[in-house]
Amino acid sequence: MAKPASSASDYIASHPDLRDPSSSSSPIASLYSSLSSLRSRNPSAYHANVKWWSTTLHDWAWQGVQSTPSNSRLILTVEPSLADALTLNDVARPTAIPTAVAAMIKAGELVALEDYLAATKQIRKGSQPSRSSSSSSLIPTPRQVLSFVVARPFWYALRMAGLSSSDDDDIAGSAHYDEDDDWPRVSAKWVSLPNVEKAASLVLSQPMPASLLSCPLFSLASFRSHVRQALPHLTADVDFDVLLKHLARDKRVAIVQGDVVKIAPDGATQVKPITEEEQSTFAVRETQTRLAAQVQDIEARVDQRTKEIKSIIASQPSSANASSSPRIRHLLSSRRALNDLLARRLDSLSQLESVLLRIEQAHDDVALVAAYDLAGEALRGLHKQSGGAERAEDVMTRLQQSMADQRDVEEAMRVGGAVMTEGEIDEDELKEEMERMEREERDKHSTAQPTEDKETAGTAAAAQEAQLRGLAAPTTPQEGAAATSEPARAQHQLEKLNA
C-alpha cells in the first residue's frame, strides 16, 4: 500500500513501483503494458499484474486522490481519465487498466454502485448481485465481436496454412484488438468491497458512546458523526450510504428504520430488532438533544442582546438619553422574554435528564436481574448435579462408615502384630537396661575422680619434701638466713598442697 497522499501526483511520487519509471529495474514496462496478450502467453505474469493493479486501484480510491467531486473513498470511478491520471510524466500511459478492472469485477472485488445499493440479498467479496440494466455496458461492443469472431479465426487459418508466424499472429491480433475498446465495458462507478470491509471494521471497533449503552440507537446524523470519529476523511454521502447498507444487509450488525439506526453491541454477531422500549428511550433522548441545542441558541441570543445594549449605552452621550432610547427598551424587553424562555427550557431539560437517568438505572436493574437469574440457574444446575441434601447426607453417612471400617482394620492389624511378636525381646526393656548401665558408668567415674586428685597431690608433696631434705647446710650467715627462709617457703607450699 502506498503512503497517504493528498493528490494523484503525491500518490505516484510515494508509490515504490511508480517513483522512477525510467529505471532499468522498474516494473512499469510490464505493469503498464497490455494484459490481453499476456493472459495466454504468460498466465503467471498476467495474474501477478492483475493482483498489482487490484491493490493499487483499491488503494487509489482509499487514499482519496480520485479526480471526482465527491472524493469518495469506497467508490472507484473507472473512466479513461483514470489512465491519464496514472500516466507517468508522459513516459508511460497504462493500457492494462480496462483488462485489470474486468478481472476485478469477475473476482467480485468491484460491484456496480446501482446494483450494490439496490440488492436485497447479502453481498460478499467474491460474489456479484444480479445484473440490472445499468450493467449493460459489460456487453461486448460490435468491434470486439468482429475481432474475436472474424479477425482472430482469419489469422489462425493463415498460421495453420504456414502463411503467418506466431509473431505475425500476435501483431495482427494487437492490430485488430485494441484494449481501449474495453473502456466502455468497465467505465462506471464501482463499489470497492475491500475498502468497504476495511471501513466497516474500523467503525465497529469504535467504542460506543456511553450515553448509548442503555439504548444503542442513533439518528442518521448522529451515526454519521460516530462514523467520522473512526474515519475522519469519509465525508462523501455516497460512502455513508454504502457503508450503512453493508452493515445492515451484509454483516447484519445494523438495522435501519427510517431515521433510526441500531448497531449491535460489542461482541454480538447479529443485531436484535428494535423494541418499543428502545424507541421510547430514543424519542426522549432526541428531545433532550433538541432542547439542549435550543438552550445554547437562547443563551447566545441573550448574550447578543446584552452586547447590543452595552454598545448603545456606550455610544450615547448621557445615560438619561440612553435609557429613553426605543432601541434599548426593545432589546431589554426581548432579553427578558428570552430569559423567561430560557428558564422554561432549562426546567424541561432538567426533567428530561432526570427521566433519562431513571431509564439508565432501570436498564442497569434489568441487567442485574438477568445476572441474578443466570446465577440462580447455575446454582440450580449445580444443586441438581449434587443430588440435593438427601444425597449429601447419604454420602456423609457412607463416608463415616468407611472411616469406622478403616479404624477397625487398623486396630485388628495392631493386635495381630502384638500377638506375632509375643515372646521376643522387648525393645523397651533393652532400652531401659542400656540407660541403667550408662548411669552406673557415669556414677563410677564421678566417685573415682577425687581420689585420683588426692593421690596426685600427695605424690607431689612427698617429692617436694625429699628435695628440701637434701639441701646442704649454710656456710655463711647470709646463706644461713637464706637457708632458714627456704624451708619455711617449702613448708608453706606443702601445706597448700595438702590443703
Rg and Dmax of the range 275-384 over Cα atoms: what are they, in angstrom? 26.0, 93
For the pairs 121/262; 51/189; 189/251; 251/384, note any where the Cα-Cα span goes beyond 30 Å. 251/384
So for the range 15-94, considering every pair of alpha-carbon atoms, how many percent are separated by more than 14 Å? 66
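Bear in mind that the values in this text are calculations on the coordinates, not laboratory data. As the structure is a prediction and not an experimental result, all values here were calculated from the model.
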